[in-house]
1. Between Y206 and V143, what length comes free when the chain is fully extended (0.36 nm per residue of separation minus the Cα-Cα distance, one decimal in nm)?
2. At 7 Å along the Cα-to-beta-carbon direction for both M190 and Q95, put a label point, then send me their distance in nm to one decimal.
3. Check the cysteines of the chain one by one and keep only those with no other cysteine Cβ under 4.7 Å from their own.
4. List the residues whose amide H sits under 5 Å from the amide H of T90, counting only those 5 or more places along or on another chain, with H placed 1.01 Å from N in the peptide plane.
5. Any idea what the dipole of the chain comes to, in debye rounded to 20, about its Cα centre with Lys/Arg Cβ at +1 and Asp/Glu Cβ at -1?
6. Within the accessible area of the chain, what % is carbon and sulfur when the probe is 1.4 Å and the other protein chains stay in place?
7. On a straight-distance basis, which aspartates and glutamates could pair with K65 in a cross-link, Cα separation under 15 angstrom, same-chain partners fewer than 8 positions away excluded?
8. Give me the distance between the Cα centres of segment 106-161 and segment 55-89, rounded to whole Å.
Amino acid sequence: SLTPLSGNWNGNAQGIYGVGFYDSATKKFYLKNSLTAGPADKVLTYSSASSNWLPVVGDWKGTGKFGVGFYDRQTATFHLDTQQVGNLDTTTTIQDPTFINSDAVPFSGDWNGTKSAGLGLFSSSTACLLDSIDSTACNTTTVVICSNTCSILAGRQSNVSSESVTAYLPSTGTFLWMDSNVTTFSWDGMRQLGPSPSAWLPVAGYWRGQAP
(Lines give C-alpha, C1' and ligand atoms only; values in the text may rest on other atoms or scores of the structure.)
Protein backbone atom coordinates (compact mmCIF):
# COMPACT_ATOMS: atom_id res chain seq x y z
CA SER A 1 0.00 0.00 0.00
CA LEU A 2 1.00 3.65 -0.44
CA THR A 3 1.34 6.07 2.48
CA PRO A 4 1.42 9.82 1.65
CA LEU A 5 4.23 11.90 3.20
CA SER A 6 5.39 15.50 3.44
CA GLY A 7 8.63 17.14 4.50
CA ASN A 8 11.54 19.40 3.64
CA TRP A 9 13.43 16.69 1.76
CA ASN A 10 16.30 18.85 0.47
CA GLY A 11 16.74 21.07 3.52
CA ASN A 12 15.98 24.28 1.62
CA ALA A 13 16.49 27.45 3.67
CA GLN A 14 12.92 28.65 3.07
CA GLY A 15 11.57 25.59 4.87
CA ILE A 16 9.28 24.74 1.96
CA TYR A 17 7.84 21.24 2.15
CA GLY A 18 7.54 18.78 -0.67
CA VAL A 19 5.41 15.66 -0.91
CA GLY A 20 6.08 11.97 -1.31
CA PHE A 21 4.89 8.49 -0.47
CA TYR A 22 6.10 5.17 0.88
CA ASP A 23 5.36 1.96 -1.03
CA SER A 24 5.32 -0.96 1.42
CA ALA A 25 5.34 -3.51 -1.43
CA THR A 26 8.70 -2.32 -2.75
CA LYS A 27 10.04 -0.81 0.51
CA LYS A 28 10.75 2.44 -1.31
CA PHE A 29 10.33 6.09 -0.32
CA TYR A 30 9.56 8.43 -3.23
CA LEU A 31 10.36 12.06 -2.35
CA LYS A 32 9.40 15.14 -4.37
CA ASN A 33 11.04 18.44 -3.37
CA SER A 34 8.19 20.58 -4.68
CA LEU A 35 4.43 20.46 -5.27
CA THR A 36 4.82 20.31 -9.05
CA ALA A 37 3.87 17.25 -11.06
CA GLY A 38 6.63 14.92 -12.22
CA PRO A 39 8.88 12.07 -11.12
CA ALA A 40 10.33 11.82 -7.63
CA ASP A 41 13.53 13.78 -6.98
CA LYS A 42 14.82 11.00 -4.76
CA VAL A 43 14.01 7.31 -4.27
CA LEU A 44 15.27 5.46 -1.20
CA THR A 45 15.07 1.66 -0.85
CA TYR A 46 15.32 -0.22 2.46
CA SER A 47 15.52 -3.91 1.64
CA SER A 48 16.06 -4.81 5.32
CA ALA A 49 12.70 -3.34 6.34
CA SER A 50 9.84 -5.67 7.13
CA SER A 51 6.75 -5.31 4.97
CA ASN A 52 4.61 -4.55 8.04
CA TRP A 53 6.79 -1.69 9.34
CA LEU A 54 5.08 1.71 9.24
CA PRO A 55 6.80 4.77 7.72
CA VAL A 56 7.64 7.92 9.68
CA VAL A 57 9.49 11.11 8.67
CA GLY A 58 10.95 14.08 10.57
CA ASP A 59 13.74 16.61 10.96
CA TRP A 60 15.44 14.63 13.73
CA LYS A 61 18.83 16.35 13.45
CA GLY A 62 17.43 19.89 13.45
CA THR A 63 19.19 20.78 10.18
CA GLY A 64 16.00 21.55 8.25
CA LYS A 65 16.36 18.38 6.17
CA PHE A 66 13.96 15.55 6.93
CA GLY A 67 15.00 11.98 7.50
CA VAL A 68 12.85 8.91 6.88
CA GLY A 69 12.33 5.73 8.83
CA PHE A 70 10.05 3.05 10.19
CA TYR A 71 8.18 1.91 13.28
CA ASP A 72 7.99 -1.82 14.09
CA ARG A 73 4.82 -2.52 16.07
CA GLN A 74 5.95 -6.01 17.12
CA THR A 75 8.92 -4.70 19.09
CA ALA A 76 7.86 -1.06 19.67
CA THR A 77 11.03 0.04 17.88
CA PHE A 78 11.82 2.96 15.57
CA HIS A 79 14.41 2.41 12.81
CA LEU A 80 15.50 5.77 11.40
CA ASP A 81 17.62 7.05 8.53
CA THR A 82 18.27 10.47 10.05
CA GLN A 83 20.52 11.58 7.18
CA GLN A 84 18.25 10.40 4.34
CA VAL A 85 21.07 8.39 2.74
CA GLY A 86 19.52 4.92 2.55
CA ASN A 87 21.01 3.63 5.81
CA LEU A 88 19.01 3.07 9.02
CA ASP A 89 21.47 4.66 11.45
CA THR A 90 19.34 5.09 14.61
CA THR A 91 17.29 2.57 16.58
CA THR A 92 15.01 3.56 19.45
CA THR A 93 12.94 1.04 21.39
CA ILE A 94 10.10 2.31 23.56
CA GLN A 95 10.47 0.92 27.09
CA ASP A 96 6.76 0.44 27.69
CA PRO A 97 5.36 -3.09 27.29
CA THR A 98 1.90 -1.76 26.40
CA PHE A 99 3.25 -0.69 22.99
CA ILE A 100 4.61 -4.14 22.07
CA ASN A 101 2.34 -5.76 19.46
CA SER A 102 -0.09 -2.86 19.83
CA ASP A 103 -2.01 -0.92 17.17
CA ALA A 104 0.10 2.21 17.77
CA VAL A 105 0.59 4.53 14.79
CA PRO A 106 3.85 6.54 14.56
CA PHE A 107 4.18 10.25 13.83
CA SER A 108 6.80 12.93 14.45
CA GLY A 109 7.04 16.61 15.38
CA ASP A 110 9.04 19.30 17.16
CA TRP A 111 7.16 19.07 20.44
CA ASN A 112 9.37 21.38 22.52
CA GLY A 113 10.47 23.98 19.97
CA THR A 114 14.12 22.95 19.71
CA LYS A 115 13.94 22.60 15.88
CA SER A 116 14.85 18.90 16.28
CA ALA A 117 11.83 16.66 15.88
CA GLY A 118 10.88 14.04 18.41
CA LEU A 119 8.76 10.95 17.95
CA GLY A 120 5.15 10.12 18.69
CA LEU A 121 2.78 7.16 18.97
CA PHE A 122 -1.01 7.20 18.88
CA SER A 123 -2.94 4.31 20.38
CA SER A 124 -6.24 3.90 22.21
CA SER A 125 -7.10 7.63 22.15
CA THR A 126 -3.72 8.54 23.66
CA ALA A 127 -0.82 10.40 22.05
CA CYS A 128 2.59 9.53 23.49
CA LEU A 129 5.11 12.28 22.66
CA LEU A 130 8.87 11.73 22.90
CA ASP A 131 10.91 14.94 22.87
CA SER A 132 13.84 13.42 20.94
CA ILE A 133 14.85 10.30 19.06
CA ASP A 134 16.90 9.30 22.12
CA SER A 135 13.83 9.20 24.37
CA THR A 136 12.58 5.71 25.24
CA ALA A 137 9.51 6.75 27.24
CA CYS A 138 6.71 9.28 26.80
CA ASN A 139 7.75 12.79 27.85
CA THR A 140 4.14 13.95 27.42
CA THR A 141 0.96 11.88 27.29
CA THR A 142 -2.12 13.57 25.85
CA VAL A 143 -5.60 12.06 25.72
CA VAL A 144 -7.03 12.72 22.26
CA ILE A 145 -10.80 12.52 21.77
CA CYS A 146 -10.87 11.08 18.28
CA SER A 147 -12.62 8.23 16.52
CA ASN A 148 -10.80 5.00 15.70
CA THR A 149 -10.59 6.04 12.05
CA CYS A 150 -8.87 9.39 12.61
CA SER A 151 -5.29 10.09 11.56
CA ILE A 152 -2.81 11.88 13.85
CA LEU A 153 -0.25 14.36 12.54
CA ALA A 154 1.92 17.22 13.82
CA GLY A 155 1.22 20.86 13.06
CA ARG A 156 2.11 24.38 14.15
CA GLN A 157 -1.22 26.15 14.15
CA SER A 158 -0.51 29.22 16.28
CA ASN A 159 2.41 31.63 16.51
CA VAL A 160 4.60 29.40 18.66
CA SER A 161 7.90 27.61 18.08
CA SER A 162 6.69 24.10 18.90
CA GLU A 163 4.40 21.73 17.03
CA SER A 164 1.31 20.11 18.50
CA VAL A 165 -1.09 17.23 17.94
CA THR A 166 -3.38 17.52 14.92
CA ALA A 167 -6.06 15.06 13.84
CA TYR A 168 -7.93 14.38 10.61
CA LEU A 169 -11.41 12.84 10.68
CA PRO A 170 -12.30 11.20 7.35
CA SER A 171 -15.94 10.84 8.40
CA THR A 172 -16.35 14.62 8.10
CA GLY A 173 -13.25 15.60 6.10
CA THR A 174 -12.15 17.78 9.01
CA PHE A 175 -8.80 18.75 10.52
CA LEU A 176 -8.76 19.40 14.29
CA TRP A 177 -5.80 20.84 16.18
CA MET A 178 -4.45 21.71 19.60
CA ASP A 179 -2.41 24.88 20.06
CA SER A 180 -0.21 23.17 22.65
CA ASN A 181 0.42 19.64 23.89
CA VAL A 182 -1.37 19.62 27.24
CA THR A 183 -2.52 16.65 29.26
CA THR A 184 -5.96 18.24 29.71
CA PHE A 185 -7.52 17.67 26.32
CA SER A 186 -9.31 20.24 24.16
CA TRP A 187 -9.42 20.97 20.44
CA ASP A 188 -8.49 24.62 19.82
CA GLY A 189 -9.54 24.80 16.19
CA MET A 190 -11.03 22.92 13.27
CA ARG A 191 -11.39 23.25 9.49
CA GLN A 192 -13.17 21.11 6.93
CA LEU A 193 -11.26 20.42 3.71
CA GLY A 194 -12.39 18.20 0.87
CA PRO A 195 -15.41 15.90 0.71
CA SER A 196 -17.45 14.65 3.66
CA PRO A 197 -17.19 11.76 4.26
CA SER A 198 -13.78 11.39 2.66
CA ALA A 199 -11.52 8.60 1.45
CA TRP A 200 -8.63 11.05 1.12
CA LEU A 201 -5.52 10.61 3.28
CA PRO A 202 -4.10 13.65 5.10
CA VAL A 203 -0.72 15.38 4.99
CA ALA A 204 0.38 18.60 6.67
CA GLY A 205 3.26 20.90 5.88
CA TYR A 206 4.73 24.33 5.33
CA TRP A 207 3.81 24.57 1.67
CA ARG A 208 4.98 28.20 1.34
CA GLY A 209 7.87 27.98 3.76
CA GLN A 210 8.26 29.11 7.33
CA ALA A 211 10.15 31.71 9.31
CA PRO A 212 13.50 30.55 10.75
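1. Working it through step by step, the gained length comes to 20.1 nm.
2. Those two pseudo-labels are separated by 4.0 nm.
3. Within the chain, no cysteine lacks a partner Cβ under 4.7 Å, so the list is empty.
4. L80, T82
5. Computed charge dipole of the chain: roughly 520 debye.
6. C and S atoms contribute 52 percent here.
7. The qualifying aspartates and glutamates are D41, D81, D110.
8. Using only Cα atoms to place each centre, the spacing works out to 15 Å.
The values are calculated or read from the model by the stated rules, or taken from the named source; none is laboratory data. Not measured: the values here are computed from a predicted model. Note that we place each Cβ from the backbone using ideal geometry, even for glycine, and neighbour counts take in every protein chain shown. To get the accessible areas, we keep the full protein, side chains included, count just its heavy atoms, and leave off ligands, DNA and RNA. Shrake-Rupley method; radii C 1.70, N 1.55, O 1.52, S 1.80 Å.
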